[in-house]
Amino acid sequence: MPAVWGHRAVMTDRWGLRWALAVLVLALLILGGRDLGRRAHGGEVTLNECLAEGDVPCLERRFNLGGLRSEGLPVDGARSVVLVSGVEIELHGWPDDVPEPGSGVVFAVIGRYLGNHRFAVQDAELYPLHGMDMVVGVLVVGIWLVAVLVATRRGYDDDPDPSEHG
Amino acid sequence: MMIRIRASMADLLTHGLSAALVRGGKRPDSTLLWLVSGVILPDLLARAPLLLVHGLQHRLGWMEWLALDDDRLITAMGFPHTPAGMVLVATLIALVLPASLTRSPGRWRVAGLLGGGSLLHLLVDVMQRHLEPAGYYLLYPFSVERWELGWFRSDGSLLALPLLAVLWVVLNWSWLRRVRSG
């Protein structure tokens, strides 16, 4: 039913079909998100969720802690980590083939939980350009918003390139 | 040393340039604007809210009632970053936009460009590498298995920016030169 779209959208508006479809799609988005969250984590337990059950069930289990950011220098070989939930744990050991994270560097670690809020690091990856990534992202969104505003106010400037028509 | 959790977001300039490169040497027009909008949408909808809320929680102490340590919630918010979610978001936006904005290209075309841009975003993201278990839910809702090619770090795309920018200039040199010469 392509005629209902595009140039003849008025017809769609009259019958409310466009808005009915929008509500249906929005409902699918919400249901899809809920289902993805439920299914993607069926059986997979995060460190936060595990610690909520207590220390013992998490012992020697393997976890992935992503998006960590160092804000100081190592003290006595151990690093203090605050998870989003406010839980503080200590990272012990560091892989020889991965450079030590300097202050402000974002990184991720995989390792085993040792108990008493201590975590043995088995693998790690640094993301030293993460900060620049964020700045570039904000800049691009800003430029995009300006472009959308200009296009909305002035209309599209879709004059064809003269060279394409000889 | 104090360490805090931060969410990760891909480099949006590389994504934007990928959309421009797909169009070859054509001058920027409304098609490119819709395509770039599609390229930006997945991160804007799935990543930016997490970064914003997390920033508010840790910098200002606001919105602490929202449990961002809940991985189910974080994964659910990532639905617009899946192919199925992208198609739904593109369709929803094309449906709710006023007719004045969609009259020229038409709603189907707007939905197609937004969806195509979003899928292009995912194509670039899939090339990234994260510590496992990581990757993208490419086949959701049929599977929740994750895939990625692992060709470069998630922040490594920034290193390719100069090359992509030069490539864009070369492809578009013809009309850029005419604009410059007036």
Filter the stretch B:23-40 down to the residues that are under 15 Å from the mean Cα position of the chain (by Cα) and more than 10 Å from chain A (Cβ to nearest Cβ), then identify the one that is farthest from B:D125 (Cα to Cα).
B:L35
Given the condition farther than 25 Å from A:G137 by Cβ and modelled with pLDDT under 95, answer yes or no: does some residue in the stretch B:144-167 qualify?
yes
Leading residue by the ranking (nearest to the chain's Cα centre (by Cα)) among those in the stretch B:120-158 that are surrounded by fewer than 16 Cβ atoms within 10 Å (Cβ to Cβ) and outside any loop (DSSP other than H, G, I, E, B):
B:L123
For residues that are open to solvent by 40 Å² or more (accessible area, probe 1.4 Å) and over 18 Å from A:L149 (Cβ atoms), scanning just the stretch B:104-114, find the one that is farthest from the other protein chains (Cβ to nearest Cβ).
B:G112
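The values are calculated or read from the model by the stated rules, or taken from the named source; none is laboratory data. Quick caveat: nothing in here was measured; it's all calculated off a predicted structure. Note that each Cβ is placed from the backbone with ideal geometry, even for glycine, and that neighbours are counted across all protein chains shown. We work out accessible area using only protein heavy atoms, side chains counted, and drop any ligands, DNA or RNA first. Shrake-Rupley method; radii C 1.70, N 1.55, O 1.52, S 1.80 Å.
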